[in-house]
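Note sheet for the following structure.
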Amino acid sequence: MKRCRWVDETSELYIRYHDTEWGVPSYDDHYLFEMLLLESFQAGLSWITILKKREAFREAFDDFDVVKVSQYDETKISALMKNKDIIRNQLKIRAAVNNAKIFIQIQQEFDRFSNYIWSFTNGKIIYNENDELPATSPLSDTISVDLKQRGMKFVGSTIIYSYLQAIGIINDHETTCDFYKKN
Ligand SMILES: [Zn+2]
């Protein structure tokens, strides 16, 4: 099995993520919120750090229920700040609550968040054509600006590029990877 070069083949978690999730197109708002929350916590950290904490995040953030997260109060935020199993960054925790509120507003405007996020490519998947993967692109710039204008935090272009890869709008499997253009 040939995989993208960034995959640490000693990590079952990383292999499973690469093989079954990364680059698979998602239209499921629950998953789209989960990944947006996780990516916003990744800022400045490695993705494997987040993947290892993913189940702790799931438990701490009510299974990534966007409505519940949007209603977190100061008591809940304090409890999250004491949770050693997640990333205890107050700005990121507050951003998650704030972003949940905006996510719901987008759902109300577009019926589903999926409709909103896929509208930027008219539903098309962007495929990697060469193996020099960028950190950002004009597409991630555009979406980042739009989300920031709507009031989201920790949604810089690099985070959004990574998010678009995760949810399959950008499919960046390398040309030598067995998963290249499989979706
Ligand atoms: Zn790959």
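Residues that are among the hydroxyl-bearing types (Ser, Thr, Tyr) and either farther than 17 Å from Thr20 by Cα or within 16 Å of the ligand (Cβ to nearest atom) (or both) within the stretch 131-183 comprise Thr136, Ser137, Ser140, Thr142, Ser144, Ser157, Thr158, Tyr161, Ser162, Thr175, Thr176, Tyr180, listed in sequence order.
Taken across the stretch 38-52, residues that are outside any helix (DSSP H, G or I) and buried (at least 16 other Cβ atoms within 10 Å of the Cβ) do occur, with at least one present. Is there a residue in the stretch 117-126 that is under 30 Å from Lys2 (Cβ atoms), open to solvent by 10 Å² or more (accessible area, probe 1.4 Å), assigned to a helix (DSSP H, G or I) and within 16 Å of the ligand (Cβ to nearest atom)? No: the stretch 117-126 contains no residue that is under 30 Å from Lys2 (Cβ atoms), open to solvent by 10 Å² or more (accessible area, probe 1.4 Å), assigned to a helix (DSSP H, G or I) and within 16 Å of the ligand (Cβ to nearest atom). Does the stretch 22-37 include one or more residues that are within 11 Å of the ligand (Cβ to nearest atom), surrounded by fewer than 19 Cβ atoms within 10 Å (Cβ to Cβ) and over 22 Å from Ala135 (Cα atoms)? No; the residues of the stretch 22-37 include none that is within 11 Å of the ligand (Cβ to nearest atom), surrounded by fewer than 19 Cβ atoms within 10 Å (Cβ to Cβ) and over 22 Å from Ala135 (Cα atoms).
Using the structure shown, decide if Lys76 is open to solvent by 50 Å² or more (accessible area, probe 1.4 Å), in a helix (DSSP H, G or I) and basic (Lys, Arg).
Answer is yes for this residue.
Within the stretch 3-21, the set of residues being loosely packed, with under 15 Cβ neighbours inside 10 Å, part of a loop (DSSP other than H, G, I, E, B) and within 16 Å of the ligand (Cβ to nearest atom) comprises Arg5, Trp6, Asp8, Glu9, Ser11. Take Lys182 and tell me if it is assigned to a loop (DSSP other than H, G, I, E, B) and in contact with a His (Cβ under 8 Å, 6 or more places away or on another chain). Yes. Checking Ala100, Ala96 one by one, the residue that is buried (at least 19 other Cβ atoms within 10 Å of the Cβ), of a type in the set (Gly, Ala, Ser) and farther than 30 Å from Cys4 by Cβ is Ala100 and no other. The set of residues in the stretch 87-103 being closer than 16 Å to Glu74 by Cβ, free of Cβ contacts under 8 Å to residues at least 60 places away in the same chain and touching a Ser or Thr at 6+ places or on another chain (Cβ under 9 Å) consists of Ala95, Ala96, Val97, Asn98, Lys101.
Of all the listed residues (Leu147, Leu139), the sole one being closer than 15 Å to Phe113 by Cα and either among the aromatic types (Phe, Trp, Tyr) or within 16 Å of the chain's Cα centre (by Cα) (or both) is Leu147. The set of residues in the stretch 61-73 being touching a helix residue (DSSP H, G or I) at 6+ places or on another chain (Cβ under 6 Å), not in a loop (DSSP other than H, G, I, E, B) and not hydroxyl-bearing (Ser, Thr, Tyr) consists of Asp62, Phe64, Val66, Lys68, Val69.
The values are calculated or read from the model by the stated rules, or taken from the named source; none is laboratory data. Keep in mind the model is a prediction, meaning the values are calculated, not measured. Here Cβ is always computed from backbone atoms with ideal geometry, including for glycine, and neighbour counts include all displayed protein chains. Just so you know, the surface numbers come from the protein's heavy atoms only, side chains and all, with ligands and any DNA or RNA stripped out. Shrake-Rupley method; radii C 1.70, N 1.55, O 1.52, S 1.80 Å.
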